[in-house]
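Step one of this worksheet: look at the structure below.
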Amino acid sequence: MAVYSAAAAVLAGVESRQGSLKGLVYASNFQNVKQLYALVCETQRYSAVLDAVIANAGLLRAEKKLRPHLAKVLVYDLLLGKGFRGRGGRWKPLLERHQARLKAELARLKVRQGVSRNEDLLEVGSKPGSASQVPRFVRVNTLKTCAEDAIDYFKRQGFSYQGRASGLEDIRALKGKCFLLDALLPELLVFPAQTDLHDHPLYQAGHLILQDKASCLPAMLLAPPPGSHVIDACAAPGNKTSHLAALLKNQGKIFAFDQDAKRLASMATLLARAGVSCCELAEQDFLAVSPSDQRYCQVQYILLDPSCSGSGMPSRQLEEPKAGTPSPERLRALAAFQQRALSHALTFPALQRLVYSTCSVCQEENEDVVRAALQQSPGAFRLAPVLPSWPHRGLGAFPGTEHCLRASPETTLTGGFFIAVLERAEVPSSVSQAEAPVSELTPGPAPKRRKRRRKAAAAPSTQPGT
């Protein structure tokens, strides 16, 4: 199957230093980027284990046409992944001939190391820690369906709906085929950590977006009303853009910028599947976009999620299991770019509200960037107080950082994240006070755990707008 060949090519590219794992995944032109990324990360994580099993089983000596990286990917899926499950193509019968020997070698390896679980074979630096306990968050795409219908669909598939979560303990207790509605975001479903929905029909049809809770907060806190003009400054891969479109109900305009043509192509596919029709994509550096351009004269909302170190991403440890804090040189370079981008965004004349976010846990990319940008525009913008009940706040780098949000696997059961909401201190005369967004959202009532079935979710449509 194409995914195995693509994964093998990425692994070979990483080994020969042709690029980063994520960069090579996006450059592969494989359509299902998330599926490929997950397969490569997990194969990479178990690399030493797979090398030992393959060598001891004599697989490459017996099958001389099978290349090492492809063998590693295939053996991972056969022994440690989901199994071939209808895929594998011409390699499936070949691997199945050696399946008994491969399984026996894996079992011997466990005996020699005195362990019983596969993950216990990993080196300490590669073992999943608290990040592995982050649940599977699934945002219901309200451009195509609603939370109630998605819940009904899962219930008909044998999942057990547990209602709205009352706290983190409810989420920690999730297991098996149980799921919850998030306590804060009314369209966010929560499943146990290892739930894999990449092949689920609702995901394939664009009714569901696999998106961490922390990553859903920027669009939610920007809260543009339908009809607004919005800039998504560093938009790819597009999950936040699709969330903005859902909040706008496809009414208004999103100007989405990114410099990477291949990431934009993948993003266009994602947005089409999600039924987004209000977005204008541009292969352009946001820093080169002129605030005086009349196309953007009505832009009152900007979401800025710039390139960052990714130090808060749970998957980063799968790419680079022994990676530590980014080097001071890299942090300085990233922070300089982030500050330029934020300062540039604040010069758009009609701007009313901006959300700055990163998936970094480093102060240099977060509080320090916000402080520098505010100092460049003294009195023009201020930090908006948001989500006062959120447990993890900004670091005390300067007065007002208590209004910023942080997230982590330990404190919020999400990926590591930072969010600051900046609002204009004086609303421009062209913007009425009635248009100002609220800073705290109250969830509506959770769908009941009813038994009766609805008609609408019986079969997902693949047509946009349905």
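The values are calculated or read from the model by the stated rules, or taken from the named source; none is laboratory data. Only a predicted model underlies this, so the values are computations on that prediction, with no experimental measurement involved. Backbone-built Cβ (ideal geometry, glycine too); neighbour counts: all protein chains shown. Each accessible area value is taken on the protein alone, full model and side chains, heavy atoms only, with ligands, DNA and RNA left out. Shrake-Rupley method; radii C 1.70, N 1.55, O 1.52, S 1.80 Å.
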(request) Could you please tell me which pairs satisfy a Cβ distance under 7 Å, a separation of 6+ or placement on different chains, a first residue in the stretch 210-230 that is within 15 Å of Ile302 (Cα to Cα) and open to solvent by 20 Å² or more (accessible area, probe 1.4 Å), and a second residue that is in a loop (DSSP other than H, G, I, E, B) and modelled with pLDDT of 95 or more? (result) Pro226/Lys249; Pro226/Gln251; Pro226/Gly252; Gly227/Gln251; Gly227/Gly252; His229/Gly252; His229/Gln298
(request) Go through Ala62, Ala27 for me and flag whichever is of a type in the set (A, V, I, L, M) and at pLDDT 85 or above. (result) Ala62
(message) Given (1) more than 18 Å from Asp305 (Cβ to Cβ); (2) free of Cβ contacts under 8 Å to residues at least 24 places away in the same chain; (3) among the aliphatic types (A, V, I, L, M), identify the lone condition not met by Ala397.
(response) (2)
(request) State yes or no: is Tyr76 open to solvent by less than 30 Å² (accessible area, probe 1.4 Å), of a type in the set (Phe, Trp, Tyr), within 23 Å of Gln113 (Cα to Cα) and touching a residue at least 60 places away in the same chain (Cβ under 8 Å)? (result) no
(message) Suppose we filter the stretch 250-272 for residues that are at pLDDT 95 or above, touching a Pro at 6+ places or on another chain (Cβ under 8 Å) and among the charged types (D, E, K, R); how many remain?
(response) 0
(request) Filter the stretch 326-352 down to residues that are over 22 Å from Gln259 (Cα atoms) and not in a helix (DSSP H, G or I) and give me whichever is most open to solvent (accessible area, probe 1.4 Å). (result) Pro349
(request) Could you check how many residues of the stretch 157-170 are in contact with a strand residue (DSSP E or B) (Cβ under 7 Å, 6 or more places away or on another chain) and either acidic (Asp, Glu) or modelled with pLDDT under 95 (or both)? (result) 1
(request) Quick one: which residue in Val355, Val386 is in a strand (DSSP E or B) and at pLDDT 95 or above? (result) Val355
(message) open to solvent by less than 40 Å² (accessible area, probe 1.4 Å) and among the small types (Gly, Ala, Ser): is that true of Gly114 in this structure?
(response) no
